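Peer 1: Shown below is the structure under consideration.
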Amino acid sequence: MNTKQVGYSPVAEQRFVCPWQLAPLLDNLLRPLIHNPRRLFGPYVRNGMTVLDVGCGAGFASLGLAELVGEEGLVIAADLQPQMLDIVKKRAVKAGLYNRIRIHRCESNRIGVEEELDFAVAFFMTHEVPDVRAFFKEIFTLLKPGGRLFLSEPRIHVSRRNFEQTVEEAQSVGFTVSKRRSVRFGRAVLLVKTVDKD
């Protein structure tokens with residue numbers, strides 16, 4: 001398992017965080033064409049849901065999710081870097097979606113939100129997390145029974161073998177693989193917090 005990981009790292013490990021200065025390069029006007037939030041998340045996100053976009057970066061997923069949850073829903077855009085969160089806030093205000101998005105700065109070793117979640121997204125960021133098991137355990141705890149986690153990793157940084165190890169780590173805390181998803185330049189899986197039938 002790759003231990004040099006982002007968006008969640010202790011202060012000593014922050015050199016591995018994708019720098020906020022790259023935001024315009026990675027999250028520009030073309031990004032929604034490559035990774036369309038409605039296509040990726042639309043089948044799972046409904047009006048009124050509470051959704052977490054962890055490691056949100058410049059917010060391509062947060063903005064798309066905010067459209068999907070509607071006026072009654074909430075998207076928690078969470079990241080370690082305040083500069084990334086500032087970008088998300090400005091973009092959300094400009095798009096008229098800020099009333100649906102709550103900006104949240106992660107703690108050094110945990111996400112640190114308390115809301116009960118219907119859906120969570122970890123898009124191209126889990127390879128930067130130093131303690132993947134603790135990361136998945138926290139998300140598992142936050143999700144409602146039957147809640148889903150959309151997990152995707154970039155092919156350029158994460159081999160198929162390492163991605164499968166990450167999925168196994170998620171399964172070890174209680175997630176079940178619901179389905180494999182196709183993502184351009186990446187690998188993806190939809191995980192579900194299964195309801196105990198006892």
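Peer 1: Can you compute the modelled spin-label distance between S159 and Q171, with each label point 7 Å from Cα toward Cβ, in nm?
Peer 2: Distance between the two pseudo-spin positions: 1.9 nm.
Peer 1: Could you go through region 153-169 in sequence order and give the Karplus-derived ³J(HN,Hα) for each residue, using 6.51 cos²θ - 1.76 cosθ + 1.60 with θ = phi - 60°, rounded to whole Hz, and x for Gly and Pro?
Peer 2: These are the phi-based 3J(HN,Hα) values: 10, x, 4, 5, 9, 10, 5, 4, 4, 5, 5, 5, 5, 5, 4, 4, 4 Hz.
Peer 1: Find, among the chymotrypsin sites (Phe, Trp or Tyr not before Pro) in region 110-198, those assigned to loop by DSSP (not H, G, I, E, B) with at most 13 other beta-carbon atoms within 10 angstrom.
Peer 2: On the way: sites: F119, F123, F124, F135, F136, F140, F150, F163, F175, F185; in loops: F124, F185.
In loop regions of region 110-198 (DSSP not H, G, I, E or B), the sparsely surrounded chymotrypsin sites (Phe, Trp or Tyr not before Pro) are F185.
Peer 1: Sequence-distant or interchain residues sharing an amide H contact under 5 Å with I101, placed H: which?
Peer 2: Excluding prolines and chain starts, which carry no amide H, the hits are V75.
Peer 1: What distance in nm lies between label points placed 7 Å from Cα along the C-beta direction at A134 and K94?
Peer 2: 3.6 nm
Peer 1: Can you work out ³J(HN,Hα) from phi for every residue in region 40-48, in order, using Karplus 6.51 cos²θ - 1.76 cosθ + 1.60 and θ = phi - 60°, giving whole Hz and x for Gly and Pro?
Peer 2: Values per residue, Gly and Pro as x: 6, 10, x, x, 10, 10, 10, 4, x Hz.
Peer 1: Below 10 angstrom from the Cβ of I103, what's the summed charge of the other residues (Lys, Arg +1; Asp, Glu -1)?
Peer 2: Local charge sum for I103: +1.
Peer 1: Rg(Cα) of region 38-88 divided by 2.2 N^0.38 Å?
Peer 2: 1.09
Peer 1: Right, next: In debye, nearest 20: dipole of region 47-186 around its Cα centre with unit charges on the Cβ of K, R (+) and D, E (-)?
Peer 2: So the dipole magnitude of region 47-186 works out to roughly 500 debye.
Peer 1: If you take the alpha carbon radius of gyration of region 130-188 and divide it by 2.2 N^0.38 Å, what ratio comes out, to two decimals?
Peer 2: Ratio of Cα Rg to 2.2 N^0.38 Å: 1.11.
Peer 1: Using the Karplus equation 6.51 cos²θ - 1.76 cosθ + 1.60 (θ = phi - 60°), what ³J(HN,Hα) coupling, rounded to whole Hz, does each residue of region 56-63 give in order, writing x for Gly and Pro?
Peer 2: So the Karplus estimates, Gly and Pro as x, are 5, x, 7, x, 4, 6, 4, 5 Hz.
Laboratory data are not the source of any read-out in this text; all were calculated from the coordinates shown. As the structure is a prediction and not an experimental result, all values here were calculated from the model. Every residue, glycine as well, gets a Cβ built from its backbone with ideal geometry; the counts of neighbours run over all protein chains shown.
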